[in-house]
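J.: This is the structure I want to talk about, given as structure tokens.
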Amino acid sequence: MSARLRLKGRLDAGRAAGGLFVSIPAPEIVEIAAVAGFDFVLVDLEHTLIDGAALERMLAACDRAGVSALVRVPGAGSERILQSLDAGAAGIVVPRVASPAEAVEAVRRARHAPRGIRGLNAGRLGRYGDCDLAGLPARLDAETLVIAMIEDEAGLAAVADIAATAGLDGLLFGAADYSQAIGLPWQTGAPAVQAAGSAVTRACRAAGIHAFAIARSEADLPRLRDEGVGGLLVANDRGLLRRALSEADRAWRTLPGDLR
């Protein structure tokens with residue numbers, strides 16, 4: 001199974017997958033994640049200035065290292081949906097989906113005709129033309145994951161209809177932005193926030209699509225797995241780096257005595 005299909009293969013088989021949220025535009029991050037055992041990464045284009053050339057290098061690193069790459073694009077109408085998929089992403093994650101219409105637009109841009117408007121391209125995924133070109137659009141549509149993020153009260157109210165969108169493969173609950181939307185910024189452990197996340201997972205189960213979640217601590221993991229979350233984002237590169245560097249800095253600063 002290719003690296004690009006690793007995540008989908010695990011989820012379709014009913015197996016959980018562990019992911020790393022990536023905001024630093026460095027292929028080495030992807031390679032280290034693979035060595036650590038992660039199944040996929042989620043590269044963020046919403047809150048970063050990662051450009052196309054850097055993204056292509058990161059996606060190529062995913063191929064080499066054997067991990068799948070999801071790409072969070074700026075929005076449902078973004079041209080970066082097409083570009084990310086053509087560059088080799090396993091799928092896209094669309095933020096701030098608050099209505100079925102936005103979910104439909106994301107699917108429309110990520111799928112070929114007749115369901116969507118994704119343009120034909122015999123690039124890296126089509127071996128630069130050395131493949132069954134006529135069958136390529138249907139194959140890519142079957143392989144590509146389209147995931148919508150639920151991040152506010154409007155999205156939660158419409159979650160059942162969003163989950164039922166034809167061509168949508170999963171939902172990811174954005175606990176941080178949802179907490180802000182209800183007046184509890186960064187209080188991702190608040191009962192109202194956790195209840196909303198549980199509702200998103202239930203909607204996924206009812207619609208027969210995959211549930212994703214961002215674990216805010218190791219203590220979250222048993223609950224998320226018990227609820228049926230398959231795609232678990234268990235860490236982020238910036239947070240891991242900051243904690244590791246802080247620990248290394250504390251280690252030498254606690255040594256006794258001064259230099260003589």
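The values are calculated or read from the model by the stated rules, or taken from the named source; none is laboratory data. All values derive from a computational prediction rather than experimental measurement. Methodologically, a virtual Cβ is constructed for each residue, glycine included, from the backbone with ideal geometry; neighbour enumeration extends over all protein chains shown.
J.: Given the structure, is LEU59 within 15 Å of ALA87 (Cα to Cα) and either in contact with a Leu (Cβ under 6 Å, 6 or more places away or on another chain) or at pLDDT below 95 (or both)?
T.: When the stated conditions are applied, LEU59 does not pass them.
J.: Related question: Considering only the stretch 158-174, I want to know if a residue exists there that is over 26 Å from LYS8 (Cα atoms), touching a residue at least 12 places away in the same chain (Cβ under 8 Å), of a type in the set (D, E, K, R) and surrounded by fewer than 18 Cβ atoms within 10 Å (Cβ to Cβ).
T.: Residues of the stretch 158-174 over 26 Å from LYS8 (Cα atoms): none.
Scanning the stretch 158-174 turns up no residue that is over 26 Å from LYS8 (Cα atoms), touching a residue at least 12 places away in the same chain (Cβ under 8 Å), of a type in the set (D, E, K, R) and surrounded by fewer than 18 Cβ atoms within 10 Å (Cβ to Cβ).
J.: Still on this model: Counting only residues that are in a loop (DSSP other than H, G, I, E, B) and touching a helix residue (DSSP H, G or I) at 6+ places or on another chain (Cβ under 6 Å), which one in the stretch 121-143 is nearest to ALA98 (Cα to Cα)?
T.: ASN121
J.: Now for a separate question. Exactly one of (1) outside any helix (DSSP H, G or I); (2) under 16 Å from the mean Cα position of the chain (by Cα); (3) farther than 22 Å from VAL104 by Cα is unmet by GLY183. Its number?
T.: Failed condition: (2).
J.: A further question follows. What residue, among those in the stretch 160-180 that are of a type in the set (A, V, I, L, M, F, W, C) and more than 20 Å from GLU46 (Cβ to Cβ), is nearest to the chain's Cα centre (by Cα)?
T.: Here the answer is ALA163.
J.: Further question: Please enumerate the residues belonging to the stretch 223-260 that are over 22 Å from ALA33 (Cα atoms) and assigned to a helix (DSSP H, G or I).
T.: Within the stretch 223-260, ARG223, ASP226, GLU227, ASP249, ARG250, ALA251, TRP252, ARG253 meet the criteria.
J.: A further question on this structure: Looking for whichever is loosely packed, with under 14 Cβ neighbours inside 10 Å and among the acidic types (Asp, Glu) here; the options are ASP132, ASP141, ASP177. Which one fits?
T.: Result of the check over ASP132, ASP141, ASP177: ASP132.
J.: Look through ALA251, ALA211, ALA196 and report the one residue that is in contact with a Cys (Cβ under 6 Å, 6 or more places away or on another chain) and either free of Cβ contacts under 8 Å to residues at least 60 places away in the same chain or of a type in the set (Lys, Arg) (or both). First the steps, then the outcome.
T.: Details: ALA251 fails: in contact with a Cys (Cβ under 6 Å, 6 or more places away or on another chain); ALA196 fails: in contact with a Cys (Cβ under 6 Å, 6 or more places away or on another chain).
On inspection, the qualifying residue turns out to be ALA211.
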